[in-house]
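Accompanying notes for the structure given below.
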Amino acid sequence: MADKSDVRYKAGEAAGHAQVKKDETMDSARDAAQQAGGYVQHAGEQVKNMAQGAADAMKNAVGMGGNTTTTTKR
């Protein structure tokens, strides 16, 4: 049978391994969250740009856009 000091050593060793594994998992989760945040921000910017483009196209279609040019026939 193992003596108390051996059991304590093994318990401490197991606790140390668990702490390392927890830290690695937390780092991995943090990295994944940051990466996902970047994707969401990029997607949001794309949606914003598409909406602005649609609004500009609509304004131009109904003649309210500032970029309309008129041509006159001679």
Which label marks the calculated value of volume of the Cα convex hull per residue in Å³, given the options [x] 83; [y] 125; [z] 95? [z]
Determine the calculated [θ] at 222 nm for the chain from helices alone, applying -39500 (n - 2.57) to every DSSP H run no shorter than 4 residues and normalising by the residue count; nearest 500 deg cm²/dmol. -29500 deg cm²/dmol
Full extension from Gln46 to His17: what is 0.36 nm times the residue separation minus their Cα-Cα distance, to one decimal in nm? 6.1 nm
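All of the numbers you see were taken from the coordinates with simple rules; none came from a lab. Please read these numbers as outputs of a predicted model, since none were measured by experiment.
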